[in-house]
Structures are given as structure tokens and as C-alpha cells.
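Here is the structure we will look at.
The values are calculated or read from the model by the stated rules, or taken from the named source; none is laboratory data. Since the model is a prediction, treat every value here as computed from it, not as a measurement. With ideal geometry, Cβ positions are generated from the backbone for all residues, glycine too; neighbour counts draw on all protein chains shown.
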Amino acid sequence: LVERRTYQTAATSTARFRIVHASPDAGFATVTVVGADTTLSGEGIYRDFTEYASIPAGDYAITVIAAAGDTVTGNVTLANTRQTCVLVGSTGSLSLLSLSDN
């Protein structure tokens, strides 16, 4: 007698995530998604946006380092969707705005 079992692994949820640089005086910006070991690349300048990065769904800290000297850190929950994080504000008062894409 032989017993055969088939196991299925749970599907991994993947988030699609990008950054939009909407701060005219922040200068070049580098964006790192902490916990996903992902640095989103683009020109890093005003009005630029990165390509979507695929990372596992979950909670992450995002760090943006602007050439003007500001560092912005925000927390974001990335679900199995497309999301955009927008760098807004002026030097000295930068912030991140998280949006769900349709």
C-alpha cells in the first residue's frame, strides 16, 4: 500500500511599488525600501518616477535621502496591489504620500 499526497504551497503576494519625485527643491533623491533590500532607481530628480518594483507584500520602512540634506522616513504597508509613494513638500519639510493605483 502506497499513499501519495500532494501539497500546495501558499501563493506569495507581491506588491508593485514606485516612487514619484514631486518636490521641486529637494534635488536628487535616493529611495531605499528597508526590509526588501531594494533601492528604487530613476533619475531621482523633480518630476521623475521610478519603474514599478516587485517586492513581497508586507510592512516596510521607506527612506528617502535628498541631495538638499533632508532624510525622510515613512512606513508603508504594501499589499498585493500597485502603489505609488510621492515625495512632496519643500526642503526642510519633505514628506511621503502613499497612494493606491487603479
All positions within segment 80-100 that are in contact with a strand residue (DSSP E or B) (Cβ under 7 Å, 6 or more places away or on another chain) and loosely packed, with under 15 Cβ neighbours inside 10 Å: ASN80, THR81, SER95, LEU97, LEU99, SER100
Among the residues of segment 68-79, is any surrounded by 13 or more Cβ atoms within 10 Å (Cβ to Cβ) and within 9 Å of the chain's Cα centre (by Cα)? yes
All but one of (1) among the aromatic types (Phe, Trp, Tyr); (2) modelled with pLDDT under 80; (3) closer than 13 Å to VAL64 by Cβ hold for PHE28; state the number of the condition that does not hold. (2)
